[in-house]
Amino acid sequence: MSTHRRRPLTRRRVLGASAIGVAATGAAVAGGAGLLPSASAAAFGYRDDGRNYVVDTGSSLVFKVSKTTGDLTSLVYRGKEYEGYGGRHSHVESGLGASTVTIRQSGSTILIKVVHGAITQWYAARNGENNVYLWTDKADASFTATRYIVRLKPGMFPNTGPDSWIEASDTVIEAGDVWKRADGTTHSKHYSGKRTIDYDHIGFTTGSVGLYLVRSHHEKASGGPFYRSLLRHSNDKGAGLYEILHYNEAQTEAERFGLQGPYVLAFTDGGTPPSSLSAANLDTSWVDGLGITGWVGKAGRGKVAGVGLKGMDAQYPYTVGFANKDAQYWARAAAGTGAFSCKGMLPGTYTLTVFKGELAVLTQQVKVTAGTTTSLHTLTITGDPSTAKTVWRLGDWDGTPGEFKNARLMTYAHPSDARAAKWTGNVTIGSGDPARSFPAYLWKDVNDGVLIYFKLTGEQAAAAHTLRIGVTDAFANGRPRVSVNDWVSAVPAAVTQPSTRSLTTGSYRGNNHTFTYHVPATAWRTDVSQYNVLKLTIVSGSSGTAYLSPGTSFDCMDLLA
């Protein structure tokens, strides 16, 4: 039963209510190609059509939410239906099933609440806006992931990009979700090429109509600012937009629980959503009085501001992250000074981490108090491994494999992609740019046994040295064992890394770790005119084939002086 306050029927209200029904019916009859003009939209309000709550935003958007499941079952914009494919609708998780769904209007806001066990999903419409605001409140791990997927009809938007494919002609090459085209290029919903910090919104446009999902601040998400996950997909059977708050693939953190949002589904005239909708800029004062469980408004939040960072490398961007078991935040540090500011934080004690690129180079604790700013004096970076003196270095310490062969392609393609350079091949230190020839990833069944050639001076060869190998991730416990000429290292212990695919799904991001090998002086060539030969092999207690065999991704490698 509707909780909307009854008003006397007027000619305007009767005509408006009829227009909602006509728009929905017309779009259905047209099979997604409705031609009704936006002028048919009714005044701001909602009604019950028996199966759904039908919400008119008072602009060009009318949407429906199922009264039984809480699915978003219709998105009619300018008289044209966009929602649904394959007999499925838009929803949190993979659909909640039978749920308790209620609706009410509070001034210029219509709020829908969907309750199913540990999950409460909220939808809101604001008078005169072509937006749907959404929140997800998850209390425990009874659902394995936390995501909202917006399902869109096929053919509504161009089917282009690395996250698009054609099921009628492309071939599945991995796990049912990685596809290869006849030209050898690979495509997958995983291939967004973006980290969380890199985007405010994702979506589609025809040039005259755009549909975007503007992400939330992700304070209850997991994975931090550099996490990569699926953001959207499109194919000949439909398209999807995702808000991923916790996903078990390539996950480096424990799941967080509580209210997450708002994230915003926004229609535009073809351009990108206004910056006022982004999480950093969104005015949410109108949410404070709605009674959304778990909502904490501006007054209940605090801020951290730092004067700057000392010891930065001007070649790299710096990010300051904050995390505890309940929330996560981050802020970009200003180039030159390293000044940073992070607002809207829940009260609590956080681990502050300074990242050079994606590599943690400083950590400390910081306390946040509601209604106040925690001010920090200049922080001095003490943990940058690049400051050590070396005999040689391959790549650089920045927490990514970015300097190495194929690294950038791997954020939006499969390792078998036709555009990838050969994963095999050895390198010589001091000849050309060896980092460009060194593979970003090493797999036991693909390119195991890569060789690195280098010479030492007489003085260098007379001493023992420490070899450091930094990795960013590993699959199936793959880690590097080394040999230098006739000397062979011990098998290094496995370190904690995500247990799922990552190297083939557009992410090199795991837990950065540095393996150290103490190479005795007896390992080196005594003839300084000869090359020393360093061999890298992957060891693991697990098995697999090709690109799903044990492997690892590299950050940097160096021989300390």
Item to check | Near pairs, Cβ below 7 angstrom, 6+ apart or cross-chain, from segment 248-265 (farther than 13 Å from residue 323 by Cα) to any residue that is surrounded by fewer than 19 Cβ atoms within 10 Å (Cβ to Cβ) and at pLDDT below 95 | outcome: 248/144; 248/145; 248/500; 249/500; 250/500
Next on the checklist: Condition first: under 30 Å from residue 90 (Cα atoms) and in contact (Cβ under 8 Å) with a residue 60 or more places away in the chain. Can you find one or more residues in segment 303-326 that meet it?
Outcome noted: yes
Next on the checklist: Looking only at segment 162-189, filter to residues that are in a loop (DSSP other than H, G, I, E, B) and in contact with a Phe, Trp or Tyr (Cβ under 6 Å, 6 or more places away or on another chain); which one of those is surrounded by the most Cβ atoms within 10 Å (Cβ to Cβ)?
Outcome noted: 165
Checklist entry - Does at least one position in segment 28-38 carry a residue that is among the hydroxyl-bearing types (Ser, Thr, Tyr) and modelled with pLDDT of 95 or more? => result no
Item to check | Filtered residues of segment 481-518 (kept if farther than 21 Å from residue 358 by Cα, in contact (Cβ under 8 Å) with a residue 24 or more places away in the chain and surrounded by fewer than 22 Cβ atoms within 10 Å (Cβ to Cβ)) | outcome: 481, 482, 483, 485, 486, 487, 489, 491, 492, 494, 517, 518
Item to check | Among the residues listed as 370, 339, 299, the single one being more than 22 Å from the chain's Cα centre (by Cα) and exposed (fewer than 14 other Cβ atoms within 10 Å of the Cβ) | outcome: 299
Checklist entry - Out of all the residues in segment 268-279, is one or more surrounded by fewer than 21 Cβ atoms within 10 Å (Cβ to Cβ) and without any contact (Cβ under 8 Å) to a residue 60 or more places away in the chain? => result yes
Checklist entry - Of all the residues that make up segment 193-214, how many are touching a Pro at 6+ places or on another chain (Cβ under 8 Å), assigned to a loop (DSSP other than H, G, I, E, B) and over 20 Å from residue 280 (Cα atoms)? => result 2
Next on the checklist: What are the pairs with Cβ atoms under 9 angstrom where one residue, in segment 88-101, is within 23 Å of residue 237 (Cα to Cα) and surrounded by fewer than 18 Cβ atoms within 10 Å (Cβ to Cβ) and the other, located anywhere, is modelled with pLDDT under 95 and not small (Gly, Ala, Ser)? Sequence gap at least six, or different chains.
Outcome noted: 94/143
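The values are calculated or read from the model by the stated rules, or taken from the named source; none is laboratory data. Computed from a prediction, not measured in an experiment: that's the story for all the values here. For neighbour counting, all protein chains shown are included, and Cβ atoms are generated from backbone atoms with ideal geometry for every residue, glycine included.
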